[in-house]
Amino acid sequence: MKKDSFDWDDVNGEKIWTAENIQELGSDFLRLMLANMQHHPDVTVRIDRQVSGYQPMYQVTLAQGTRLLFSGTHDESAPNKILHLSEALSYQQVEDAYRMLEDEHKAQQSDLE
């Protein structure tokens, strides 16, 4: 079952974040996520499916295997809790989504001029 532009879990109605829809999180959120991924190509992120809002918790796995948990757009680490995480997304996938949003924003700005 599809709702809006998101993929949804048929059983629980949870949002499933993928490389194809993470731009829906917005450029500010993705910029912070990239910073929390330490701008490193070997880092991955998995986004919480349980939260239905646009600022879900997410887990960053650093190149050496350390896992960091972040709460939405808050810059501090989130308290430990069990998450229902998406598949791992690469730094490149997040960066591509962010750049797509920035390009769209620039195109809209030039249309206004």
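The values are calculated or read from the model by the stated rules, or taken from the named source; none is laboratory data. Keep in mind the model is a prediction, meaning the values are calculated, not measured. Backbone-built Cβ (ideal geometry, glycine too); neighbour counts: all protein chains shown. Just so you know, the surface numbers come from the protein's heavy atoms only, side chains and all, with ligands and any DNA or RNA stripped out. Shrake-Rupley method; radii C 1.70, N 1.55, O 1.52, S 1.80 Å.
At 7 Å along the Cα-to-beta-carbon direction for both N21 and Q55, put a label point, then send me their distance in nm to one decimal.
About 2.1 nm, to one decimal.
To the nearest 10 square angstrom, what accessible area does I16 show with a 1.4 Å probe?
Accessible area, nearest 10 Å²: 40 Å².
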